[in-house]
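**Student:** Below: one structure in structure tokens.
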Amino acid sequence: MRSLILVLTLNEIENIQTLLCRIATACPNTDMLVVDDDSPDGTAHRANQMAENNPRLRVMIRKESPGLGNAMRVGLQYAVDHQYDLVVNLDADLSHAPEDIPRLIHAATCSDTQADLVIGSRYIQGGRTSGWSWRRIVISRLVNLFATSVLRLPVADCSGGFRCYRVARLRELNFAGMVSQGYSIQEEILLRLHARGARMLEVPIVFSDRVRGASKLSAIESLKSVFRLVQFAVFRQSFQPQGAAK
């Protein structure tokens with residue numbers, strides 16, 4: 001199966017080289033795509049330097065419509081357009097261990113599971129977070145509780161960004177019609193896949209807080225995401241495919 005590792009970046013100059021080297025070591029026969037939001041710190045330049053010596057690495061620089069949600073749509077659409085079978089997305093700050101990528105791919109391709117989406121989960125048995133304050137843990141737990149109970153999503157970690165998608169399922173989605181520009185893209189994709197009957201599986205991971213660089217999740221971005229989740233709850237029916245039973 002052809003797999004693509006997708007990395008979305010914004011000002012990750014301190015992490016990008018280590019991350020890409022670890023991905024290449026863990027998955028030597030897998031393509032990599034860096035989608036950079038025109039980082040002023042030179043992240044894309046560093047990635048392009050590495051791409052000169054690695055034919056499996058490609059770098060895309062976005063100069064318009066910044067935001068995690070917009071970058072995610074570009075990256076996933078690339079996987080669809082280039083006929084990949086699987087696409088794995090993980091954070092660029094080394095919070096997700098690249099060495100766990102083969103576990104997610106195995107879970108997605110195992111004949112016993114045949115999952116359409118595998119999530120590296122912090123919130124199932126065996127998963128955990130490391131280096132977070134108790135406040136951050138509580139906020140994250142509350143957001144995920146809202147998503148599982150009100151949005152009726154069948155997974156414990158709805159906001160996590162370590163995922164392996166079966167591209168055949170992504171082809172069913174209209175990325176241009178998605179509304180999330182920021183972090184709520186994670187829940188929106190889950191909602192749209194769940195409405196189409198996608199099979200979801202979680203595998204435990206250890207999420208380690210970043211050591212280098214600054215987090216992009218500001219208080220304003222957090223509030224925007226919460227507001228968007230409330231909108232999703234109110235208009236949940238709109239995520240159903242056209243012609244689906246009400």
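**Student:** LEU33 fails exactly one of the following numbered conditions: (1) in a helix (DSSP H, G or I); (2) at pLDDT 95 or above. What is the number of that condition?
**Tutor:** (1)
**Student:** If you go through the range 52-65 one residue at a time, do you hit one that is out of contact with any Leu (no Cβ under 7 Å at 6 or more places or on another chain) and touching a residue at least 60 places away in the same chain (Cβ under 8 Å)?
**Tutor:** Yes, the range 52-65 has at least one match.
**Student:** Among the listed residues LEU223, LEU217, which satisfies the condition of being part of a helix (DSSP H, G or I), closer than 30 Å to GLY131 by Cα and at pLDDT below 75?
**Tutor:** Checking each option against the conditions leaves just LEU223.
**Student:** Filter the range 123-150 for residues that are among the hydrophobic types (A, V, I, L, M, F, W, C), more than 20 Å from ILE185 (Cα to Cα) and touching a residue at least 40 places away in the same chain (Cβ under 8 Å) and give the result.
**Tutor:** Passing the criteria: ILE124, TRP132.
**Student:** Suppose the filter is over 19 Å from GLY120 (Cβ atoms), touching a residue at least 60 places away in the same chain (Cβ under 8 Å) and of a type in the set (A, V, I, L, M, F, W, C); does PHE175 pass it?
**Tutor:** It is true that PHE175 is over 19 Å from GLY120 (Cβ atoms), touching a residue at least 60 places away in the same chain (Cβ under 8 Å) and of a type in the set (A, V, I, L, M, F, W, C).
**Student:** Which one of ARG141, ARG210 is of a type outside the set (Phe, Trp, Tyr), under 30 Å from SER39 (Cβ atoms), surrounded by 13 or more Cβ atoms within 10 Å (Cβ to Cβ) and at pLDDT below 95?
**Tutor:** Sole residue among the options that is of a type outside the set (Phe, Trp, Tyr), under 30 Å from SER39 (Cβ atoms), surrounded by 13 or more Cβ atoms within 10 Å (Cβ to Cβ) and at pLDDT below 95: ARG210.
**Student:** Continuing with the same structure: Among residues belonging to the range 71-118 that are surrounded by fewer than 17 Cβ atoms within 10 Å (Cβ to Cβ), among the charged types (D, E, K, R) and not in a helix (DSSP H, G or I), point out the one that is modelled with the lowest pLDDT.
**Tutor:** If we take residues in the range 71-118 being surrounded by fewer than 17 Cβ atoms within 10 Å (Cβ to Cβ), among the charged types (D, E, K, R) and not in a helix (DSSP H, G or I), then ASP112 is modelled with the lowest pLDDT.
**Student:** If only one of PRO28, PRO40 is touching a residue at least 12 places away in the same chain (Cβ under 8 Å) and either assigned to a loop (DSSP other than H, G, I, E, B) or within 25 Å of ALA108 (Cβ to Cβ) (or both), which one is it?
**Tutor:** Values: PRO28 fails: touching a residue at least 12 places away in the same chain (Cβ under 8 Å).
It is PRO40.
**Student:** Kindly provide the set of residues from the range 123-147 that are among the basic types (Lys, Arg) and either assigned to a loop (DSSP other than H, G, I, E, B) or within 20 Å of the chain's Cα centre (by Cα) (or both), ordered by number.
**Tutor:** ARG128, ARG136, ARG141
**Student:** Among the residues of the range 110-122, count how many are over 19 Å from HIS194 (Cα atoms) and touching a residue at least 40 places away in the same chain (Cβ under 8 Å).
**Tutor:** Qualifying residue count for the region: 1.
The values are calculated or read from the model by the stated rules, or taken from the named source; none is laboratory data. Just so it is clear, the model here is predicted, and its values are computed rather than measured. Glycine also receives a Cβ, built like all others from the backbone with ideal geometry; neighbour counts cover every protein chain displayed.
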